[in-house]
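Each value in this text was obtained by applying a stated rule to the coordinates, not by laboratory testing. Small disclaimer: the values here were computed from a predicted structure and weren't measured. Cβ: placed from backbone, ideal geometry, glycine included. Neighbour counts: every protein chain shown.
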């Protein structure tokens with residue numbers, strides 16, 4: 001069987017990321033909670049008139065009922081994760097075509113927010129690759145279900161003032177994210193991915209989304225992941241090394257100089273993830 005190593009990104013939390021790079025001089029993004037402000041006599045000392053601490057309710061002169069509080073004041077830090085139709089695939093640089101699709105229909109899991117990100121454990125159902133059912137390696141695992149290792153994510157600045165979530169193996173960043181077997185096609189997913197956080201930057205929200213997508217909206221063959229590194233000021237060579245190792249037969253052209261040979265029969269290919277993970281937990285606002 002041919003063994004392929006794929007440098008790439010992954011299935012929503014399942015296929016996670018490497019360590020964070022500092023790309024800008026601004027403060028790193030962090031979570032805050034909206035709390036009832038203290039009082040001086042009968043007057044509140046807060047700066048927000050709304051209970052979500054929305055930017056539109058900020059009053060510079062103060063005297064308002066609500067104020068942003070440190071993350072340590074959050075009452076409930078755990079959250080649930082759900083999603084639908086996750087897809088991961090690789091790019092053959094020789095042909096510019098996508099190959100090696102792994103798809104899962106649903107996603108669920110639990111996590112816990114930290115001041116600057118989150119930790120979580122996620123599983124995926126109805127997963128297949130090359131029309132073969134996939135399941136996590138190990139005894140007692142269910143057909144069609146892929147479970148990841150315990151993951152950790154750190155918020156990062158993205159170009160255009162956006163905020164991303166940089167996910168990796170919690171215990172050993174850059175190591176195995178998940179191992180699964182698709183009826184003889186064995187996959188060892190290693191590396192990481194960056195997704196964009198879609199909300200929570202203008203007010204505290206309970207529900208949010210981690211969005212993973214290809215560049216060019218994923219519409220064109222040859223496009224890569226939207227966010228390859230956290231800031232425009234970080235060069236690609238200083239960015240993330242993301243690796244997949246596939247064990248099995250793949251329909252790829254013979255290797256050329258466009259392939260990075262790791263060892264005999266192992267080739268490096270870029271990979272792309274498209275999925276949306278929805279979180280539901282404590283109302284938090286991203287500041288920084």
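For this structure, a couple of remarks:
- Gain on full stretching of the segment that runs from residue 85 to residue 125 - 0.36 nm per residue minus C-alpha separation: 13.4 nm
- Simple spin-label estimate for residue 105 and residue 36 in nanometres, 7 Å along Cα-Cβ: 4.7
- Backbone N under 19 Å from the residue 142 label point (7 Å along Cα→Cβ), restricted to the range 87-125: 103-111, 121-125
- Estimated FRET transfer efficiency when R0 is 45 angstrom, pair residue 175-residue 61 (beta carbons, to 0.05): 0.30
- Ranked by how many other beta carbons lie within 10 Å on average, peptides 73-80, 144-151 from highest: 144-151, 73-80
- Relative contact order of the range 30-71, defined on C-alpha pairs under 8 angstrom at six or more residues apart (%): 48
- Taking 0.36 nm per residue of sequence separation and removing the Cα-Cα distance, the residue 43/residue 198 pair yields an extension gain of 52.3 nm.
- Residues residue 183 and residue 280, FRET efficiency given R0 of 30 Å [Cβ-Cβ distance, rounded to 0.05]: 0.30
- Sequence-separation-based contact order of the range 67-170, relative, with Cα cut under 8 Å and 6+ spacing, percent: 19
- Judged by the ratio a/c of the largest to the smallest principal axis of the C-alpha gyration tensor, the range 30-71 counts as oblate, that ratio being 1.5 or greater while a/b is no larger than b/c.
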